[in-house]
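Participant: Here you go, one structure.
Derivation of every value follows stated rules applied to the coordinates shown; laboratory data play no part. Keep in mind that what you see is a predicted model, and the values were worked out from it rather than measured. Positions of Cβ are backbone-derived with ideal geometry, glycine not excepted, and every protein chain shown enters the neighbour counts.
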Amino acid sequence: MSKEIVLSGIRSTGNLHLGNYFGALRNFVRMQDNYDCNFFIADLHALTTNPDPKQLHASVKQIVAEYLAAGMDPEKVNLFIQSDIPEIPELYLLLNMHVGIGELMRTTSFKDKARKMLGIGAPANGDDEEAFEKQIIGAETNKRVNAGLLTYPTLMAVDILIQKAKWVPVGKDQEQHLELTRRFARRFNSFYGVDFFVEPQNFNFGAAAIKVPGLDGSGKMGKSEGNCIYLTDDPKTLTKKVMRAMTDEGPKEPNSPVSEPIQNLFTLLELTSTPDVVKHFKDVYADCSIRYGDLKKQLAEDILKITTPIRERVNEYLANDDYLRKVVATGAERARVRASQTLKEAREIMGIRKF
């Protein structure tokens, strides 16, 4: 019996952090025995922000090493680099013929990233599409939003559809893109009267997606927010980050409500510490005897128990270029088998075939 296909990728824009580990990597490792797993480094997606070529190359290598160090077994998963699958850009071109500019411009991620790139705020009338278009066009004289950013959802859809993936583990911020993938698949199938593309679903092991908070007192951990604990942080750096995490003045009365910055620390503690440790700090918070310095020290120690073995394995992998090249070459070879077949069939369905 064939295994159900799982696919996920991560942009090559820097080191992986604790949010990536608990939100994705840990689940990827759990999947690899029971699913046909395909995990890739999305270097083509990274081009939308025009990264420095040397940094992009180094980041790809780093993430491959971190994937392996987190527990991925290249004998059980296809671990590959997006740009090593030439069928992806071709199907990206073909699928774009069935994607509307309007629906792409309405995606939340495009609006947010475009405004951030251009340094402009939201339109005065809220979600006014016409105002947004004027902002984009008006800003083009000095800055540029590239077409790759606009068609990002199409490329993401192709990553999924070309592997015929049934399951795609994504966070809440990517759910709209996954819904667009299903829409594009239905549209293609309906237009050509075929049952060709699979409509993928989110994969979360039947539980709500984990939101790993940052150290700045609000929001989630993210590279762009600068509030991360990286899997490769050395003990001194990691401890320093945790000890500087935002707190409040402390509880004044027994059983006081927990503020967001402190709840964030408790959330990290719940992810990394034992239940008895979590209970202890919640109890001393409830009776107003908590010392945030002790909480942070414990938190740093428990995070290091998770990240130190990963960091050490990362360094071992980074020192072995030949092995890393072998892993991604083998992964790409496997991934291309299904990708080339999907592309061949899509071309034939669309009428692109030899006489």
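Participant: Please give, to one decimal in nm, the separation of the simple spin-label points placed at Asp73 and Asn15, each 7 Å out from Cα toward the Cβ.
Facilitator: 2.8
Participant: Under the rule of -39500 (n - 2.57) per DSSP H run of 4 or more residues, summed and divided by the residues of the chain, what mean residue ellipticity at 222 nm is obtained, to the nearest 500 deg cm²/dmol?
Facilitator: Working: 15 runs with 186 residues, N = 355.
Dividing the helical sum by the residues of the chain leaves -16500 deg cm²/dmol.
Participant: Along the Cα→Cβ direction, 7 angstrom out, place labels at Gln341 and Asp52. What is the inter-label distance in nm?
Facilitator: So the two model labels end up 4.3 nm from each other.
Participant: Give, in nm to one decimal, the length gained when the segment between Glu348 and Glu253 is fully stretched (0.36 nm per residue of separation minus the Cα-Cα distance).
Facilitator: Details: separation 95, 0.36 × 95 = 34.20 nm, distance 7.10 nm.
Result: 27.1 nm gained on full extension.
Participant: What length, rounded to one decimal in nm, is gained on full extension from Asp112 through to Asn315, with 0.36 nm per residue of separation minus their alpha-carbon distance? Mind dumping the intermediate values first?
Facilitator: Values: separation 203, 0.36 × 203 = 73.08 nm, distance 3.54 nm.
Fully extending the segment from Asp112 to Asn315 adds 69.5 nm.
Participant: Suppose R0 equals 51 Å. What FRET efficiency, 1/(1 + (r/R0)^6) with r the Cβ-Cβ distance, do Asn34 and Val194 give to the nearest 0.05?
Facilitator: On the way: r = 30 Å, r/R0 = 0.58.
Given R0 = 51 Å and the Cβ-Cβ separation, E is 0.95.
Participant: Run the quick spin-label model on Thr237 and Lys3: label points 7 Å from Cα toward the beta carbon, then report their separation in nm to one decimal.
Facilitator: Each label point is offset 7 Å from its Cα along the Cβ direction, giving 3.3 nm.
Participant: So, one more: Among Lys111/Lys354; Lys116/Lys241; Lys111/Lys223; Lys326/Lys354; Lys76/Lys113; Lys54/Lys223, which pairs are too far apart, with a Cα-Cα distance over 30 Å?
Facilitator: Working: Lys111/Lys354 41 Å; Lys116/Lys241 26 Å; Lys111/Lys223 19 Å; Lys326/Lys354 35 Å; Lys76/Lys113 35 Å; Lys54/Lys223 19 Å.
Correct reply: Lys111/Lys354; Lys326/Lys354; Lys76/Lys113.
Participant: Sticking with this structure for a sec: Hey, how many Å between the Cα centroid of the stretch 16-59 and the Cα centroid of the stretch 246-323?
Facilitator: Each part reduced to its Cα centre gives a spacing of 25 Å.
Participant: Using a Förster radius of 30 Å, what is the FRET efficiency between Glu225 and Thr274 based on their Cβ-Cβ separation? Nearest 0.05, please.
Facilitator: Values: r = 28 Å, r/R0 = 0.95.
Result of the calculation: an efficiency of 0.60.
Participant: By average Cβ neighbour count within 10 Å, what is the ranking of 192-202, 152-162, 301-311 from highest down? It would help to have the intermediate numbers written out before the result.
Facilitator: Details: 192-202: 14.9, 152-162: 25.1, 301-311: 17.5.
The densest-packed peptide leads the list: 152-162, 301-311, 192-202.
Participant: Which of the listed residues, Val277, Ala300, Phe40, is farthest toward the dipole's positive end in the chain, when Lys, Arg count +1 and Asp, Glu count -1 at the beta-carbon?
Facilitator: The residue sitting most towards the positive pole is Phe40.
Participant: If all Cα-Cα distances of the chain are sorted into 10 Å bins from 0 onward, what percent lands in each bin, rounded to whole numbers?
Facilitator: 5, 21, 29, 25, 15, 5, 1, 0, 0
Participant: For the pair Arg244 and Phe355, what calculated FRET efficiency results from E = 1/(1 + (r/R0)^6), where r is the Cβ-Cβ distance and R0 = 56 Å, to the nearest 0.05? Please report the intermediate quantities before stating the final value.
Facilitator: Values: r = 68 Å, r/R0 = 1.21.
According to the calculation, E is roughly 0.25.
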